[in-house]
Amino acid sequence: MSELDIQPELVTAMLTSFLREEVAAAGMHRAVVGLSGGIDSAVSAALAARAFGPAEVLCVLLPHERSNPSSEAHARLVADSLGVATRRVDITQMVEGYVAQEEVTDPTRVGNVMARARMVVLYDLSVEWGGLVVGTSNKTEMLLGYSTQWGDAAHAINPLGDLYKHQVYQLARHLELPAEVIDKPPSADLFEGQTDEADLGFSYAQADELLYQMVDRRLSFDELTERGFDPTFVQTVAARVVRNQYKRTPPVIAKLSRRTIGTDFRYLRDWMR
Amino acid sequence: MTRSEYSSAPPLKNLRVLLAQTNPRLGDVGHNLEEHLSILRQAREARADLAIFPELSLTGYFLKDQTFEVAMEPGDPTLARIAEASRDASVIAGFVERDRGGRLYNALGFFEGGELRAVHRKVHLVSYGMFDETRDFAAGDSFRAFEGEKARIGPLLCEDMWHLPSAYLHFLDEVDVISCSSASPARGVEAGGQGLASERSWELILRAQALLLRTFVVYVDRVGWEDGIGFGGGSCVVGPTGDVLLRMDALEPGTAIFELDGNELRRARFETPLRRDERPSVLAAGLAVKLPGWHLSTEGDDAR
């Protein structure tokens with residue numbers, strides 16, 4: 001048993017209650033989830049299906065012609081197992097319309113364009129469907145900044161944001177998601193052969209363990225290295241967490257007036273929900 | 001406050017308490033008032049003697065700048081409506097109180113017989129982690145019992161319960177029941193324990209206080225979500241021997257009624273007479289030594 005293990009039943013109960021109530025606070029009772037074929041979006045979709053009922057959840061499949069065909073197959077497997085509505089929107093033309101015209105070849109830039117094209121579609125369909133865009137970013141990737149700002153990191157509400165990858169796996173097994181989705185190596189599938197762990201240079205298991213001790217338990221650098229974490233690894237991860245703070249905060253506003261949004265104009269989003 | 005002032009207070013017989021585990025809407029006092037009134041009608045039908053609501057039950061919890069906007073002064077029509085509804089069952093409900101000096105308090109009103117009879121102002125404001133109460137609230141500086149016609153009640157607000165002297169001062173006042181209204185966020189889902197870690201902490205504290213102070217403890221926590229922070233619920237009644245006599249669901253709103261039995265209180269206090277054997281003078285002497293220059297006043301705290 002890992003120190004990171006959660007009580008999946010309790011977490012499921014909390015997150016379904018959270019989704020129902022916070023979506024209702026926005027005056028809605030339906031959800032839109034971009035389904036990638038990966039484990040995070042599968043768990044988000046499964047939680048939404050429990051919270052709102054499968055008929056109220058629209059899962060959107062957003063392939064690009066260079067996407068791995070197994071991604072779409074796995075997304076369908078998840079949607080079928082949940083019994084949710086699906087919609088397929090091929091983003092190739094959207095993406096290439098810009099990327100080809102401007103001759104963008106850097107895979108990171110192309111990947112970001114893909115992630116943002118998907119965001120554009122999800123937000124548009126959220127109007128058509130009358131539902132809120134439910135996020136799929138877990139705590140590990142948010143802390144590491146392994147996401148595209150205003151792309152996959154854009155959503156109205158996020159049930160996974162306080163769960164490390166390890167905990168997402170636990171929840172996926174509890175929610176009985178298809179084994180194909182749980183067992184495959186995590187990948188953003190933004191270019192051929194991509195895997196998260198190769199991109200990051202370390203495994204999710206390593207990152208989860210370190211982030212949990214560093215963030216949740218507030219252990220210092222010295223305490224972490226005394227416990228056997230490699231100093232270079234600790235520094236690399238700590239630097240990523242700090243460097244990517246901008247992805248976790250709203251844009252910075254210069255204070256000029258007596259009362260400034262975000263500084264001393266302080267209201268929750270659930271203000272008079 | 002001396003004991004002789006209470007010599008005419010009747011001993012506790014049976015007290016039917018309604019626990020109102022509500023989900024207040026943030027800043028929507030009108031909605032919350034209607035919900036209170038509806039629960040108070042239910043209390044009347046169930047012949048309850050006392051209905052207890054959570055912390056800030058009329059306003060919601062993470063108010064931030066809304067604290068100023070929802071604050072109520074004596075004579076506020078919302079408080080008057082609750083008072084009016086307190087003719088059959090007494091009521092403990094949470095609101096933001098504004099005093100003449102413009103200070104805002106996280107307050108608990110005690111309504112009985114058609115009147116607002118007393119107010120408890122949260123003494124131990126909480127400002128750490130996700131909390132920021134000292135930014136918006138002034139702190140209360142005393143623990144005084146609510147003198148009900150059927151019971152003497154020691155009111156506490158959430159964090160008050162985490163500071164030993166709070167319930168202890170009510171113990172010295174020989175209350176029949178400590179009533180703790182709370183807006184406690186649900187947290188701690190690790191597999192090491194069963195249920196929420198926050199709920200386990202609360203149970204430990206409530207049971208220990210009930211056991212040591214030989215009193216009933218009624219805990220009423222709210223439920224619902226405010227910007228991703230969920231409140232735990234799990235409202236409960238603990239008896240004077242530390243046993244949990246009633247527990248409500250975590251996370252779900254609802255009401256429950258429990259009848260406190262005055263004879264249980266008397267038996268528990270006879271079997272283990274901790275109040276009789278308590279020596280507050282030892283505490284007073286110890287404080288005088290440990291806090292030299294302390295003159296039995298809390299006014300110095302204003303400097304904070």
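Here, each number is a calculation from the coordinates, and none is a lab measurement. Source: prediction; values computed, not measured. Cβ atoms come from the backbone with ideal geometry, glycine included; neighbour counts cover every protein chain shown.
Quick notes on this structure:
- Rounded to the nearest 20, the Cβ-based charge dipole of region B:14-303 about its Cα centre (Lys and Arg +1, Asp and Glu -1) stands at 720 debye.
- Neighbour cut-off at most 16 other Cβ (10 Å), DSSP loop, trypsin sites (Lys or Arg not before Pro), region A:2-88: A:66
- Chain B: most fluctuating residue of B:132, B:227, B:249 per GNM, C-alpha cutoff 10 Å: B:227
- The protein assembly as shown: C-alpha pair distances exceeding 34 Å, %: 49 percent
- Relative contact order computed over region A:151-273 (Cα-Cα under 8 Å; 6+ residues apart), in percent: 12 percent
- For chain A, excluding the exposed loop sites themselves (GluC sites (Glu not before Pro), DSSP loop, at most 12 other Cβ atoms within 10 Å), the longest remaining stretch covers A:193-273.
- Amide H within-cut-off set for residue A:158, under 5 Å, with H built and near neighbours excluded: A:135
- Among B:255, B:241, B:272, the residue with the largest mean-square fluctuation in a Gaussian network model of chain B, with springs joining Cα atoms closer than 10 Å, is B:272.
- Taken one residue at a time, the phi angles of region A:46-62 give Karplus couplings (6.51, -1.76, 1.60, θ = phi - 60°) of 5, 5, 5, 4, 5, 6, 10, x, x, 5, 9, 10, 9, 9, 10, 9, 10 Hz. Gly and Pro are set to x.
- Backbone geometry of region B:46-55 corresponds, through the Karplus equation with coefficients 6.51, -1.76 and 1.60 at θ = phi - 60°, to 3J(HN,Hα) couplings of 8, 6, 6, 8, 8, 10, 10, 10, x, 4 Hz, x marking Gly and Pro.
- Contact order relative to length of region A:8-191, as percent, for alpha carbon pairs under 8 angstrom and 6 or more apart: 28 percent
- Under 5 Å, built H, 5+ apart or other chain: amide partners of residue B:179: B:154, B:156, B:218
- The overall shape of chain B, judged from the alpha-carbon gyration tensor, is rounded, with an a/c ratio under 1.5.
- Distant-in-sequence amide H partners of residue B:138 (H built 1.01 Å from N, under 5 Å): B:104, B:105, B:106
- Cβ-based exposure ranking for A:182, A:253, A:91, in which fewest neighbours within 10 Å come first: A:253, A:182, A:91
- Length-normalised contact order for chain B - Cα pairs under 8 Å, 6+ apart - percent: 17 percent
- Of A:70, A:44, A:187, the residue with the greatest mean-square motion in the GNM of chain A, using alpha carbon springs below 10 Å, is A:70.
- Two-decimal ratio, region A:8-191, of alpha-carbon radius of gyration to 2.2 N^0.38 Å: 0.97
- Dipole in debye (nearest 20) - region A:8-191, about Cα centre, beta carbon charges: Lys, Arg +1; Asp, Glu -1: 260 debye
- Straight-line reach from residue B:290: taking Cα to Cα under 27 Å and skipping same-chain neighbours fewer than 8 places apart, the lysines in range are B:122.
- A Cβ-based charge dipole, computed about the Cα centre of the protein assembly as shown with Lys and Arg at +1 and Asp and Glu at -1, lands at about 1340 debye.
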